[in-house]
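Structure, as structure tokens:
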């Protein structure tokens, strides 16, 4: 099992969610986050004053999948989240050693 974490632009969330639903992914966790990468924030002007916004708003999507779904999920998120401009985000894949469905007590892949 793997835990896939995707950090994407907030306005791409619905596209990513819909694309994942189309390939049969039934659950995900979404968190509003802030951060920066190579773009190192940006400058904004408010009432004539210039401000540096160091942490850019992003959305983190977490999806737990079995090993056979990883490639398809990565391709789907990449396609749906891509704008072609700087700051499109990153995807991380981690090993998931255990999962438990609290309601039924199912464990492992059947809990996903």
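Things worth noting here:
- All told, residue 86 falls short of being on the phi < 0 side of the Ramachandran plot, surrounded by fewer than 16 Cβ atoms within 10 Å (Cβ to Cβ), assigned to a loop (DSSP other than H, G, I, E, B) and without any contact (Cβ under 8 Å) to a residue 24 or more places away in the chain.
- Number of positions in region 6-29 that are part of a helix (DSSP H, G or I), more than 11 Å from residue 76 (Cα to Cα) and touching a residue at least 40 places away in the same chain (Cβ under 8 Å): 3
- You will find that of 32, 62, the residue that is within 11 Å of the chain's Cα centre (by Cα), within 17 Å of residue 1 (Cβ to Cβ), without any contact (Cβ under 8 Å) to a residue 60 or more places away in the chain and assigned to a strand (DSSP E or B) is 62 and no other.
- Residue in region 43-54 that is closer than 19 Å to residue 2 by Cα, touching a residue at least 12 places away in the same chain (Cβ under 8 Å) and more than 12 Å from the chain's Cα centre (by Cα) present: no
- Just one residue in the set 52, 45 is in a strand (DSSP E or B) and touching a strand residue (DSSP E or B) at 6+ places or on another chain (Cβ under 6 Å); that residue is 52.
- Restricting attention to region 65-77, the residues that are in contact (Cβ under 8 Å) with a residue 12 or more places away in the chain, out of contact with any strand residue (DSSP E or B) (no Cβ under 7 Å at 6 or more places or on another chain) and within 17 Å of residue 89 (Cβ to Cβ) total 1.
All of the numbers you see were taken from the coordinates with simple rules; none came from a lab. Just so you know, these numbers come straight off a predicted model, no measurement behind them. Note: ideal-geometry Cβ built from the backbone for every residue, glycine included; neighbour counts use all protein chains shown.
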